[in-house]
Amino acid sequence: MVALRGHFFACLFLFTGPALAADALSMAAIFQKASDYQSIDRVKALREQAAAERMASASRLIAGTPSISLSQKSDRWNKDAGNQEDAVGLTVPLWRWGERQAAMAAASSRSESVRTESEAHRHALAGQVRDGVWGYLRASLREQMLKGQLEEALKTDADAMRRLGAGDISRVDQLNARMAAQGLQTELVEQTNRRLKAERQLIEATGLSGADMGFGSDVAALSAAINRLAETLPRAEDRQRALESSIEHKQLLARVRHAQDQLRLIRQRGSGSPELSIESTRARSVFGEPFAQTTTLSVSVPFGGGASQRAELADLASDLANAEQALMRYQKTFEFGWSTGLELVSQKQRARDLAKQRSRDAMVILQALTKAADAGEIDYLERLRAERQTFEAQLAALDADVDYHQTVSEFLQSIGRKPSGVRQP
């Protein structure tokens, strides 16, 4: 019985080792499958197509869509003397000086905004994936550990019944052993419900169950999956590079640039586009006269700003100011979040090391007390308490390990890093 219990508690330490689950997906692979499931790339392609159409429109030689006019004037319904005038015209909108370059710049920055917005949507999904994966893994590990502990508790209960019949222990000790098993059964039911809830949330985000991700269903496989899912921390000296590569920072920069380009475009456009018109006319006064052919070439240039243009400029200036303020706030928030995030990760790592050491010490104590109980040196109840304390220490060590890796993922999420598949050093 001592050997069996020692084997169970020893297997709980598998998550501290370097083993990898061979078939388990990395965080990056899960994220990619979630992106496919949510059709994010398809939506991104449609938005990029719209941005490309805007760029094509800005790259044209004319400022808009040309129009054709047809007209005819005659006295047929009056004197009917043969007076007639037929005209056909073509009107082409023209770019103002510098307007085309401004339109192309605005279209380019809009394309960049679309790209960063798509990346921001993907990053929001990455946060759901990270939370879902770690939540499911934690719930599954606790469930499997409770199953193992319950199996040992049922063996202890059966052993207590045997010892009670032999007169080795009291009825109170036997009942305590039974109550311990019953308590674990209740905990297991509650933990199974938590695991099912976590898995449902995971499926909603990724379309994948725990089995689809290759995590396995026992403590050894689930513990090994932690190493597979672990993400790499950036170096402390890479703060500026991390800021520049942050998805939110890129999105805010694109927002500022687009507001600047849009403001420049409206100023260049002025009150409207000039128009070049060519009109061909043939006319006669009476029947029998030949038609006289004329061609008219004209250019119309709108002038004067107008209230609507001033209002549009004011709105764009406000958008630009808001975007610049948001960018400045994010840069300051990022700097604070970088230092505090790394400090929190460091604290979680220390807590994990302490929890692991405590669980090792608890196992040593349990082994000693089990031998003492078998030799009759301590009462049965004290050994039961030691078993429970050791199990709680193992659970705390597991939680601390998952907490550490989840904190790393949350830090990477906060600084705009994509999920990675690299093992944590």
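Across 254, 63, 368, mean-square fluctuation computed from a Gaussian network of the chain (C-alpha pairs under 10 Å connected) peaks at 368. Dipole size of region 27-415 about its Cα centre, with +1 on Lys/Arg Cβ and -1 on Asp/Glu Cβ: approximately 780 debye, rounded to the nearest 20.
Dividing the helix sum by the residues of the chain, where each DSSP H run of 4 or more adds -39500 (n - 2.57), gives a mean residue ellipticity at 222 nm of -24500 deg cm²/dmol.
Highest GNM mean-square fluctuation, the chain, Cα pairs closer than 10 Å: which of 402, 299, 114? Of the options given, 299 has the highest mean-square fluctuation.
Between the listed residues 165, 412, 104, the Cα displaced farthest toward the positive end of the dipole of the chain, a dipole computed from Cβ unit charges relative to the Cα centre, is found at 104.
The GNM of the chain, with springs linking C-alpha atoms under 10 angstrom apart, assigns the highest mean-square fluctuation among 106, 386, 314 to 314. DSSP loop GluC sites (Glu not before Pro) in region 319-425 with at most 11 other Cβ atoms within 10 Å of their Cβ, which ones? Taking region 319-425 and a limit of 11 other Cβ atoms within 10 Å, the loop GluC sites (Glu not before Pro) found are 377.
Using θ = phi - 60° in the Karplus curve 6.51 cos²θ - 1.76 cosθ + 1.60, the 3J(HN,Hα) couplings for region 46-52 round to 5, 5, 5, 5, 5, 5, 5 Hz; x is entered for Gly and Pro. If the segment from residue 308 to residue 420 were pulled out straight at 0.36 nm per residue, it would be longer than the present Cα-Cα gap by 35.4 nm. Measuring nothing but how far apart in sequence close Cα pairs (under 8 Å, 6+ apart) lie, relative to its length, region 27-415 scores a relative contact order of 22 percent. Using only Cα atoms and rounding to the nearest 10 degrees, what angle (0 to 90) does helix 2-11 make with the longest principal axis of the chain? Its long axis makes an angle of about 20 degrees. Computed 3J(HN,Hα) for region 105-112, one whole-Hz value per residue from the Karplus formula 6.51 cos²θ - 1.76 cosθ + 1.60 where θ = phi - 60°, is 5, 5, 5, 5, 5, 5, 4, 5, glycine and proline marked x. Which one of 322, 145, 251 has its Cα pushed farthest toward the positive end of the charge dipole of region 27-415, where Lys and Arg give +1 and Asp and Glu give -1 at the Cβ? Positive-most Cα among the choices belongs to 322. Remark: region 373-389, residue by residue, has Karplus-estimated 3J(HN,Hα) of 5, 5, 7, x, 7, 10, 7, 5, 5, 5, 5, 4, 5, 5, 4, 5, 5 Hz, where x stands for each Gly or Pro and the curve is 6.51 cos²θ - 1.76 cosθ + 1.60 at θ = phi - 60°. With only Cα atoms counted, region 27-415 has Rg and Dmax values of 37.8, 138 Å.
Values in this text are rule-based calculations from the coordinates and carry no lab data. It should be emphasised that the depicted structure is a prediction, and the values quoted were computed from it without experimental measurement. As a convention, Cβ positions derive from the backbone with ideal geometry for all residues, glycine included, and neighbour counts pool all protein chains shown.
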